[in-house]
Amino acid sequence: MRRRTRIPPSPLPQRDGVDPVRVRLPFEGAWATVREHLVERLTGAGTGVVDGMFEAGLIVGADGTAVAPDAAYEPGMFVWFHRELPAEVRVPFPLQVAYRDEHIVVADKPHFLATTPRGSHVAETALARLRRELGIPTLTAAHRLDRLTAGLVLFTVRPEERGAYQTLFQRRLVRKVYEAVAPYDPALGLPRTVRSRIVKERGTLTAREVEGEPNAVSRVELIEHRADLARYRLVPGTGQTHQLRVHMNALGVPILGDPLYPVVTDPVPAGDFRRPLQLLARELEFTDPVTGLTHAVRSRRTLTAWSGDPEWAGR
């Protein structure tokens, strides 16, 4: 059994709130040089990109020294470099701080802003923005909130404490309450608890309900209604992907602005922020595993379909 190797600290600083990429060379392989492995591994970077990074001294080892293109391959070696950031359309809404102390930051995220870097969303994410705006390079996310969903997200300040806060979510010790705007159905008996089995297969955009033992539980309550619209209070008991969206759709009242349920719609052009998913992570309540304090944080955001934004007129 191979001993676990301690990961050395990054020799490169963050750039625009984004960590450098860390690559560990595999223990098995027939590459003669570090360059050969990275050219094969980073095929998506484009022809000549990796060679250009070597020539510019942008790929470094644990001591911060540039790795030479002909450096011999060393199994288990770590190298770092900064990725070329994609061109991103700025999400033109403020990222608010709902609560902050020396251990955590609870952010009130706007719609369309990803929580952490992934895919084409890197610098324009809640994590990168907070690192830049608050000047906390060690900030990390304790959990994720969908890019299209607005509301509260918990971040940790100290890396050594992150695991304690992540455990709260893993053990379902965080009480989360959402709000949604969806069609009003007077025949729908509420409140009710929805239980089903939800699966999401890799490579598919949507999750679906299947036969079998329930793995997804949601409490659905009616807050108020007017005409054919209603505002709902949603309390997830579990954390399956797209759980609240799937359950609301199954009840016949899909959440307004949902591009996946009941049908997958064409992607909107980049920079079109007019009709956000009407789902908001309204409340987070938990006992702090480090300080012992009880936190009950509430988002101040509103859902535009309910507040009368003209973009939703006629839907």
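Residues in region 86-102 that are over 14 Å from Arg131 (Cα atoms) and either touching a strand residue (DSSP E or B) at 6+ places or on another chain (Cβ under 7 Å) or small (Gly, Ala, Ser) (or both): Ala87, Glu88, Ala98, Tyr99.
If I filter region 87-108 for residues that are over 25 Å from Arg298 (Cα atoms) and open to solvent by less than 40 Å² (accessible area, probe 1.4 Å), do I get at least one hit? For region 87-108, residues over 25 Å from Arg298 (Cα atoms) and open to solvent by less than 40 Å² (accessible area, probe 1.4 Å): absent.
Out of Ala270, Ala281, one residue alone is aliphatic (A, V, I, L, M), touching a residue at least 24 places away in the same chain (Cβ under 8 Å) and surrounded by 15 or more Cβ atoms within 10 Å (Cβ to Cβ). It is Ala281. Search region 159-211 for residues being in a strand (DSSP E or B) and among the aliphatic types (A, V, I, L, M), and hand back the single one that is nearest to Leu234 (Cα to Cα). Looking at the filtered set, the residue picked out is Val177. Residues that are surrounded by 16 or more Cβ atoms within 10 Å (Cβ to Cβ) and over 21 Å from Thr140 (Cα atoms) within region 12-42 comprise Leu25, Trp31, Thr33, Val34, Arg35, Glu36, His37, Leu38, Val39, Leu42, listed in sequence order. Inclusion of Gly292 among residues that are small (Gly, Ala, Ser), modelled with pLDDT of 95 or more and in a loop (DSSP other than H, G, I, E, B) is warranted.
Listed conditions (1) closer than 13 Å to Val181 by Cβ; (2) modelled with pLDDT of 95 or more are all met by Ala227, apart from (2).
Quick one: is Leu190 closer than 24 Å to Phe169 by Cβ and in contact with a Leu (Cβ under 6 Å, 6 or more places away or on another chain)? Considered against the rule, which asks whether it is closer than 24 Å to Phe169 by Cβ and in contact with a Leu (Cβ under 6 Å, 6 or more places away or on another chain), Leu190 comes out as no.
The values are calculated or read from the model by the stated rules, or taken from the named source; none is laboratory data. These figures come from a predicted structure and were not determined experimentally. Please note: Cβ atoms are built from the backbone with ideal geometry, for glycine as well, and neighbour counts cover all protein chains shown. To get the accessible areas, we keep the full protein, side chains included, count just its heavy atoms, and leave off ligands, DNA and RNA. Shrake-Rupley method; radii C 1.70, N 1.55, O 1.52, S 1.80 Å.
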